[in-house]
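One structure below.
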Amino acid sequence: MEDRNESQDNRELYALLNLSPEASDEEIRRAYRQWAQAYHPDKYQAPHMKDIATENFQRICQAYEVLSDPHKRQIYDIYGMEGLISGLELGPKLHGAEEIKAELERLKRMKEQEKIAAHFLPSGTILANISLPSYLDGGGLLQGMAMTSEIQSHLSKRNACTIGGNLAVNGGEGGGAANAVFRHQLSEVSSLEFVASVGLRALIGVQTTRNLSSHSAATMGVAMSLRDGSLNLSNLWTRQLSETASGHIELNLGSQSSIAVGWQKKDQRRTASGELKFGTGLFEAAVHCTHRFSPKSLGCIVGRVGSSSLEIEVGGGRKLSKFSSVRWLYIIGIQAGPRAKKAVPGTNSSTRSPNSCGKRMQGISWKFELYRGGQKIIFPILLTRHLNPVFATGAFVIPTSLYFVLKDSLVPPRAMISMEKGGCGGSHTSGRGHFRSQAVAFKLLIKPYYLRRNKQKALEEEKKSSTQVKEAMAAVEKAQKLQQNVANRKRNRQLETGGLVIMRALYGNQIILDNLKSSSETSFESTSDVIDVTIPLNFLVNDSGQLKLHEGVKKSGIMGFCDPCPGRPKELYVEYVYAGNQYQVWVDGIGRVPLDAIQLVTLGQIMAGATPSCVFCAIATKSTSDNALLHSDDKVVAFQDINPSAFRHYLVVPVAHIPTVKDLQRKTDDYSLVNHMLEVGKTLLLRDAPQSQQYRFGFHQPPLNTVNHLHLHCLALPYTPRWRSIKYLSFGPVGFIEAEKLLEKIKPLSTFQ
């Protein structure tokens, strides 16, 4: 998160000119001319307006001076303004363009190395089983150990690989396994995984995952054991039930067939989940609940019941640092059958799971867990195998009470250092008494002082932040005064042409603006956490009726904007008119559009029902120049497929966002749209591939479509290569459907009469 903020701080000048960080020199010059015309001091006669214009014009000129110079722009992109002001004092003092260029190349190489290192994500677990009853009976204290480790690497944007292994020792037996997983992202909504494992559970397998809709997904897989050749089929369906809850159904068919139904609910303070599992001779039910008391502490309770066992866990955890945390769990386990299972004929110890040393135990146990980054260390400690009520109560009450006592009287590091410097003379007993007296003194005298000091610091920070916000608000008011005339002129022009007109725009506290969603009222009470940005957004609307906000650039840096509530989630709410119709839109960090790093968004697209992340919407509304259009009208556009499967392979897509053929109905509008798409496709192929002997026109039906935006495939055969013809086979309701057949399915009923 810190790195992300630092990179955005180096883009304030781009925000000032409303430019993308990848803007060309021509785009920078064009933006400078636009802003300079609005803020040039010579345009204003009134002294106070001239002063405001001079202040903002200087900011525009400074931004243009940096971004128009290739060397300064490179330094700014890496070091920020601090690097420009100090002359790259962050490293050795540099003189001359060649030294600066060499330093920039070195920094680029360092960033590439850091980027590569960030793509390798290691994780691991060490588990050590400790048994006090076994130790007291003359046996060993350590009854078993298990270790797992894996490294995940992003090979490219679409490919990832995970390599791992595990070892386990339980009593005098042990074993291990190694596994590898290769994952390929087929499209925005589907992926494919290949799995291989050797050792205890030698197998190979493949599974695929696909998002069926914005709220549901399905995973299907098949694995074959290399030991006995048995097959295992798995299916997993998940669905988002609400903003905070989800459910899943899992079906496994094989040597251990089972079906499981589960749910999970998660919000800012609580997490709860449950699952029921049935199988051949198997029944399990589990419930898990976690509650966060504060950002640093939590409590949890877990219950599991099976065919012959019952287990209850109660405990809590505390965050020690940014990357470290510790947990303690109190466990009661009950086994209905014998503790030691008899060996199954035809099996041996080597077929046991590597984690068998962590199986459920009869009796009362403690479990300590230490987390550090992606690493985890677990110490289950079996205290007794007997369920004695007195012992069970003491095993829970004593450590819990000890935690709360230490938590209340814990001495901060600085206070502890000062105590140690003072020394603890005398005998060992007197030293303990001296420390207890210091702890009592800290609790009664020093701790209130620390609390008061922290509260005072918080008030000072809040006051400082409030002063900065007031200064920023004053600057916003000045900037919007200069934008007023140009914004009104653009607004009137868009009203005359039926274009995009911003009626009201608010930017600020997400919680406050979210109330407008849940309320039918449109009135809004003024608050310091929200600012009105109607004028700057109308100012930014171009002559084509589009409003563009660029990826990776803070909105609060745009002229006429500011951050009204530092440190809090923010949202942009816009009421606008397009083609005479009124619309509302919320832009925030929930609906695929990153907060304060908005992608290239055209409100006209949103008005038409398009989604900002849909690649075909961007092409249809001409928001990208990556694809040359072969045809364009008010209903459809056509362009060449980026990965053609035939001699000529064109796509015809509607301008309006229609996800799939499943969303078409027996309506005149839908029928005429598909018919128009077909006519456009035929015209293009007859023009560009008259020598072809066969043409095909059709649509892929879910779940075989790759992009959730209706698109007609227009193919002039032969296929290139020939095996790609498989993609266009008909499999009934889930395969490729010919355009003529689709027209028959959606033909309005009135036309049959």
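Kindly rank 730-743, 184-197, 640-653 from highest to lowest mean number of other beta carbons found within 10 Å of each residue.
Sorting 730-743, 184-197, 640-653 by mean packing, highest first, produces 640-653, 184-197, 730-743.
Using each residue's phi in region 482-494, evaluate 6.51 cos²θ - 1.76 cosθ + 1.60 at θ = phi - 60° and report the 3J(HN,Hα) Karplus result to the nearest Hz, with x for Gly and Pro.
6, 7, 4, 5, 5, 5, 5, 5, 5, 4, 5, 5, 5
Filter 727/747; 464/490; 490/662 down to the pairs with a C-alpha to C-alpha distance above 29 Å, please.
On the way: 727/747 26 Å; 464/490 38 Å; 490/662 41 Å.
As for pairs spanning more than 29 Å Cα to Cα, those are 464/490; 490/662.
Calculated FRET efficiency, residue 155 and residue 30, Cβ-Cβ r, R0 45 Å, to nearest 0.05?
0.70
For region 259-307, what D do you get in µm² per second when you plug the Kirkwood radius from alpha-carbon pairs into Stokes-Einstein at 4 °C and 1.567 mPa s? Provide the component values of the computation, followed by the final result.
Numbers: Rh = 11.9 Å.
For these conditions, the coefficient is 108 µm²/s.
Can you tell me the order of 151-158, 328-335 when each peptide is scored by its average per-residue count of other Cβ atoms within 10 angstrom, highest first?
In decreasing order of mean packing, 151-158, 328-335 become 328-335, 151-158.
First measure r as the distance between the Cβ atoms of residue 738 and residue 647, then evaluate 1/(1 + (r/R0)^6) with R0 = 22 Å and state the FRET efficiency to the nearest 0.05.
According to the calculation, E is roughly 0.70.
Could you check the spin-label model distance between residue 467 and residue 249? Points 7 Å from the Cα along Cα→Cβ, value in nm.
6.3
For region 119-215, what number results from the quotient of the Cα radius of gyration and 2.2 N^0.38 Å?
Relative to the 2.2 N^0.38 Å estimate, region 119-215 comes out at 1.51.
Can you give me the distance in nm between label points at residue 496 and residue 142, each placed 7 Å from the Cα along the Cα-to-Cβ direction?
The two pseudo-label positions are separated by 8.5 nm.
Sorting check: for 468-476, 39-47, which peptide has the highest mean count of neighbouring beta carbons within 10 Å, and how do the rest follow?
Sorting 468-476, 39-47 by mean packing, highest first, produces 468-476, 39-47.
Residue 375 to residue 514: extension gain in nm, 0.36 nm per residue of separation minus the Cα-Cα distance?
46.2 nm
Under a point spin-label approximation (7 Å from Cα along Cα-to-Cβ), what is the residue 745-residue 296 distance to one decimal in nm?
Result: 6.0 nm between the two label points.
How large is the translational diffusion coefficient of region 141-269 in µm² per second when you combine the Kirkwood radius over alpha carbon pairs with Stokes-Einstein at 10 °C and 1.306 mPa s?
93
Considering the Cα positions of region 639-708, please state its Rg to one decimal place and its Dmax as a whole number of Å.
Expressed in Å, the Cα Rg and Dmax of region 639-708 come to 13.0, 36.
Could you give the length gained by full extension between residue 453 and residue 134, i.e. 0.36 nm per residue of separation minus their alpha carbon distance, to one decimal place?
Fully extending the segment from residue 453 to residue 134 adds 109.7 nm.
Counting Lys and Arg as +1 and Asp and Glu as -1, each charge on the Cβ, what is the dipole of region 151-289 about the Cα centre in debye, to the nearest 20?
340
How much length is gained on full extension from residue 695 to residue 489, taking 0.36 nm per residue of separation minus their Cα-Cα distance?
So the extension gain works out to 69.0 nm.
Can you list the residues, at least 5 places off or on another chain, whose amide H is less than 5 Å from the amide H of residue 657, using H built in the peptide plane?
For residue 657, the qualifying residues are 610.
The numbers here are math on the coordinates, done by the rules we state, and not lab data. What you see is a predicted model; the values in this text were computed from it and never measured. Here Cβ is always computed from backbone atoms with ideal geometry, including for glycine, and neighbour counts include all displayed protein chains.
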